[in-house]
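Visitor: Submitted below is the structure of interest, expressed as structure tokens.
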Amino acid sequence: MRTIIFLFMASTAGFAQVTGKVQSASNPVPFANVVILRNDSSLLSGSVTTEGGTFFIDVKEIGTFILRVSAVGYKTYNRTGISLTSGIYDTGTIHISEDATELNEVVVKAEKPLLEQHADKTIVNVEASIMTKGSSVLQLLERSPGVFVDQRNGSIAMNGKSGVMVMMNGKLMRLPMAQLVAMLNSLSANDIESIELLPMPPASMDADGNAGVINIVTKLNKEDGTRGSFAAYGGHGYGPKGGASLNLQHIQGPLRLYSSYSFMHDRNLSGWEADGSQVMPAFGGYVEADVVDTEIFNTNSHNATGGVDYRLKGWSLGGNASYTSSSSAREISNEANYNLIDADSFLLMRSSIAGTNRWRNLTGGVYASKELKDGSKISFDYDYLNYLNNNPTEINSVFLNDSGAEVTPSGTIFFNRLAGRGRTPIHVNVVKSDYQKKLSEKLRMEAGVKATFTGSNNSSAIERFVNDRWTIDERSATDVRMKEKILASYASFAIDLSETTKLTAGARYEYSRTQTESPKPENEIDWKVSRLFPNVLISKSFGQNTRLQLNWSTRITRPSYNELASFVQYTDPMSAMTGNPLLKPTITNNISLGASISGYSFTLLASQDENPIIRWQLTENSTHDLMYCGPQNMPYQNSLMFTTSLPFRVTKWWNMTLGTTSGIRQFEVTHTRMPAEKTYFFYVLNGTQTFSLPKNFSFELSGWYNSSQYDGSKHVTGFGALNAGVKKDFGKRGSLQLALSDVLMSLKLVNKFGELTEEAFNVQSHAPWRSESSRFRVFRITYSITFGGEGSVSSRDASDSERSRLK
């Protein structure tokens, strides 16, 4: 399997704006191409002049660059040594001269590479992939180096670690992670410019996210007028799939209006089979069991955003709002054969679990920023988040003996009908302010403060249907009220030590206090974390194509609000999924040494996690008659990883990108009956191959393979998938794409419990999980078109750490 897939696969952020005017001997030059190039001639950013000859270019890097102007019938103009820092750089009027040579046709084209390696991040230039249009944003992430999307559990990992923060235009997306995965799968990639992968973000970003940050950057248009894009897709696997997205923007002088709407529908089937043994108190002792689980999900989600931005005399004022809702109805059926060893008897269990998980997310914010006379910049932001999740479940079960007669397990109190009730409202308020200033030609400073206030009320219970009415099982009833505040400040300095050596040094101080109140004392906590999170990056260039960098940082991963919520959701009559209000935050220390040589990158990363959070772990309840599956802390986890990214241009029509992440990991678990330590080797392979074919056709293969790894005490065997797609581009009439997921129908994960150490109830099981694509051919046909030009306006958001904690 892995051989086949591999053969197929075979800041401190400184923000500047460059403005000016292009003119010939006597008249403005409209529609001239103005680009900012790095010193190695790679494209950084660019724009086109208006009818009046003016241009505006946003640049998301600081340093010394080249400005190039080109237009049909004119000589190319170059200006070297453009030194950009935070603020506005005015080139003045640029005069270009006519080219005396008469040309029949001139094509001015600047191509970005698929991957750009920077000292602090990797940039995936989305449009360099021929499969961009018609893809979803989630598919872009799946093809990004070092990123793993686990649609089984609704999670995203980077470099083998799951503590990832996902941002859109610099703002964290405040959604439960599973719903975020679903939303990204419904969003069109047509308006995405790039994906930034930051394994160790700078001090200006929140310290949350021990695995780093993924920032999705949308296109930013500067031209007046109304523009938009539309995409729609339909497909089938087990059930129908479909979705559509519409993006609109209107720009007139200093005023910008933008909006978007997307819808996604997906009916899919997955499930698992398990064989093993465990001690089951409900059955009086040791039991051997075979279980078949089938899960059908019917999901509909909607996402709408809108905003306004106005610029006047150095001020930038605006506001934005976003609303997301989802409804996921599930139909789960279990059939289990139990061989009761101690009682020398046999039972057959048939159960069904039903429920609809509904959630909504409403965010809004306002912001203001001002360019000061000395070139510095100050900004203010306020945001509000309102989130509500309602997740009821009901389970109906029956036991049959060897003769097919209905029975109740002897010696226990068994209930044929059980239900889990859970409701979680969350409110978040965020305020922040940032300041940027150039202190000298070689020294730049950035500083800021931020405050986040969160409140939630998590209520849940298991109910039993007794005497024709529902009765709460007091053992499971929980009502936890939580409040949390996070106060942060940071300062960061960028220093040019020499022409080739750059140093960025910063630190972020965060004080947080998390308190819970509950009728049950064991659910009450009062945690305080007061810590400095440093970040140091030094880079050294050797010529135009070689760079070395050393990075050190400390980060934190706080438990998500949902992980702290003490909900209960039954999976069968003897086990339930739940949260853990006693989870501790994870503190991570990272140090990396990286090299970039002619576009090839190599990184050695060492990380140390204190109290890492692991999900889907088995424990027993206090009365030892119910098994819980929920998040736990490990005492520690240490990792040493080596990552490569290797782009190849095989021919003019064949491009290939291969990536690997491999390393050694060591951890300890203590939530099991017997504590255990483990050291193991792991690796991840990923790659993309694109082929440009005649008549505007293109073809792409992308795939990945994860080796055997451990998720807490659970052992997960190796698995992977190969995807394929073909696209036809009709130019201004849009494009049509056919995508096929999991070509080899290989996406099957085998989970093994009890292999590392003794689990709760002495569980020993072998449980293969099979995705929809391993059972049915899953395909999508997508049509996309842009009108009035391409581009979408990004928005700002102060609450850039809270959304990702709603996993």
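Visitor: Filter region 239-252 down to residues that are buried (at least 19 other Cβ atoms within 10 Å of the Cβ) and either at pLDDT 90 or above or not in a strand (DSSP E or B) (or both), then give me how many there are.
Guide: Residues that pass the stated criteria total 1.
Visitor: Taking the condition of being open to solvent by less than 10 Å² (accessible area, probe 1.4 Å) and over 30 Å from residue 202 (Cα atoms), how many residues in region 477-504 meet it?
Guide: Within region 477-504, residues that are open to solvent by less than 10 Å² (accessible area, probe 1.4 Å) and over 30 Å from residue 202 (Cα atoms) number 1.
Visitor: Given the structure, is residue 807 open to solvent by 30 Å² or more (accessible area, probe 1.4 Å), at pLDDT below 90 and assigned to a helix (DSSP H, G or I)? Can you show your working first?
Guide: Working: open to solvent by 30 Å² or more (accessible area, probe 1.4 Å): yes; at pLDDT below 90: yes; assigned to a helix (DSSP H, G or I): no.
No: the conditions fail for residue 807.
Visitor: In region 36-46, which residues are modelled with pLDDT under 75 and either at positive phi or touching a strand residue (DSSP E or B) at 6+ places or on another chain (Cβ under 8 Å) (or both)? Working first, answer last.
Guide: Our first condition is that a residue be modelled with pLDDT under 75; within region 36-46, this holds for 39-42.
Listed by number, the residues that qualify are 39, 41, 42.
Visitor: Taking strands (runs of 3 or more DSSP E) that fall entirely within region 607-717, which contain at least 1 residues that are closer than 19 Å to residue 590 by Cβ and open to solvent by 50 Å² or more (accessible area, probe 1.4 Å)?
Guide: Passing ranges, in order: 636-651, 654-669.
Visitor: Anything in region 745-763 that is over 10 Å from residue 274 (Cα atoms), polar (S, T, N, Q) and not in a loop (DSSP other than H, G, I, E, B)? List them, or say none.
Guide: Once the filter is applied, which keeps residues that are over 10 Å from residue 274 (Cα atoms), polar (S, T, N, Q) and not in a loop (DSSP other than H, G, I, E, B), region 745-763 yields only 762.
Visitor: Still on this structure, I have one more. Just checking, how many residues over region 419-462 are part of a loop (DSSP other than H, G, I, E, B) and acidic (Asp, Glu)?
Guide: Total meeting the criteria: 1.
Visitor: Do we find a residue being more than 30 Å from residue 339 (Cα to Cα), of a type in the set (D, E, K, R) and assigned to a strand (DSSP E or B) anywhere in region 395-411? I'd like the intermediate steps shown before the answer.
Guide: We begin by selecting, within region 395-411, every residue more than 30 Å from residue 339 (Cα to Cα); these are none.
No, region 395-411 contains no residue that is more than 30 Å from residue 339 (Cα to Cα), of a type in the set (D, E, K, R) and assigned to a strand (DSSP E or B).
Visitor: For region 499-520, give me the residue count where each residue is outside any strand (DSSP E or B) and under 23 Å from residue 485 (Cβ atoms).
Guide: The number of residues fulfilling the criteria is 1.
Visitor: State which residue is most open to solvent (accessible area, probe 1.4 Å) when the search covers only region 212-238 and only residues that are charged (D, E, K, R) and within 20 Å of residue 59 (Cβ to Cβ).
Guide: Within region 212-238, the match that is most open to solvent (accessible area, probe 1.4 Å) is 223.
Visitor: Moving on. Report yes if residue 435 is surrounded by 15 or more Cβ atoms within 10 Å (Cβ to Cβ), aromatic (Phe, Trp, Tyr) and in contact with a Gly (Cβ under 9 Å, 6 or more places away or on another chain), otherwise no. Let's see the steps before the verdict.
Guide: Values: surrounded by 15 or more Cβ atoms within 10 Å (Cβ to Cβ): yes; aromatic (Phe, Trp, Tyr): yes; in contact with a Gly (Cβ under 9 Å, 6 or more places away or on another chain): yes.
So residue 435 fits the description; yes.
Visitor: Among what's in region 30-63 and is in a loop (DSSP other than H, G, I, E, B) and polar (S, T, N, Q), pick the residue that is surrounded by the fewest Cβ atoms within 10 Å (Cβ to Cβ).
Guide: Among residues in region 30-63 that are in a loop (DSSP other than H, G, I, E, B) and polar (S, T, N, Q), the one surrounded by the fewest Cβ atoms within 10 Å (Cβ to Cβ) is 41.
Visitor: Starting from region 427-438, keep only residues that are closer than 14 Å to residue 489 by Cβ, then list their pairs with residues that are at pLDDT 90 or above and among the aromatic types (Phe, Trp, Tyr) whose Cβ atoms are within a distance under 7 Å, requiring at least 6 positions of separation or different chains.
Guide: 431/382; 433/380
Visitor: Does residue 716 qualify as being within 30 Å of residue 670 (Cβ to Cβ) and in contact with a strand residue (DSSP E or B) (Cβ under 6 Å, 6 or more places away or on another chain)? Spell out the reasoning first.
Guide: Values: within 30 Å of residue 670 (Cβ to Cβ): yes; in contact with a strand residue (DSSP E or B) (Cβ under 6 Å, 6 or more places away or on another chain): yes.
When the stated conditions are applied, residue 716 passes them.
Visitor: Name the single residue, out of those in region 372-394 being open to solvent by less than 50 Å² (accessible area, probe 1.4 Å) and not in a strand (DSSP E or B), that is nearest to residue 322 (Cα to Cα).
Guide: The qualifying residue nearest to residue 322 (Cα to Cα) is 391.
Visitor: Let me ask another. If you check residue 351 against the conditions, is it of a type in the set (Gly, Ala, Ser), more than 30 Å from residue 763 (Cβ to Cβ) and open to solvent by less than 50 Å² (accessible area, probe 1.4 Å)?
Guide: Answer is no for this residue.
Visitor: A further question follows. Being under 21 Å from residue 122 (Cα atoms), at pLDDT 80 or above and among the hydroxyl-bearing types (Ser, Thr, Tyr) is true for just one of 54, 64, 49. Which residue is that?
Guide: Going through 54, 64, 49 in turn, just one is under 21 Å from residue 122 (Cα atoms), at pLDDT 80 or above and among the hydroxyl-bearing types (Ser, Thr, Tyr): 64.
The values are calculated or read from the model by the stated rules, or taken from the named source; none is laboratory data. Since the model is a prediction, treat every value here as computed from it, not as a measurement. No Cβ is skipped: glycine too gets one built from the backbone with ideal geometry, and neighbour counts run over all protein chains shown. Protein only, heavy atoms only, side chains kept; ligands, DNA and RNA dropped before computing areas. Shrake-Rupley method; radii C 1.70, N 1.55, O 1.52, S 1.80 Å.
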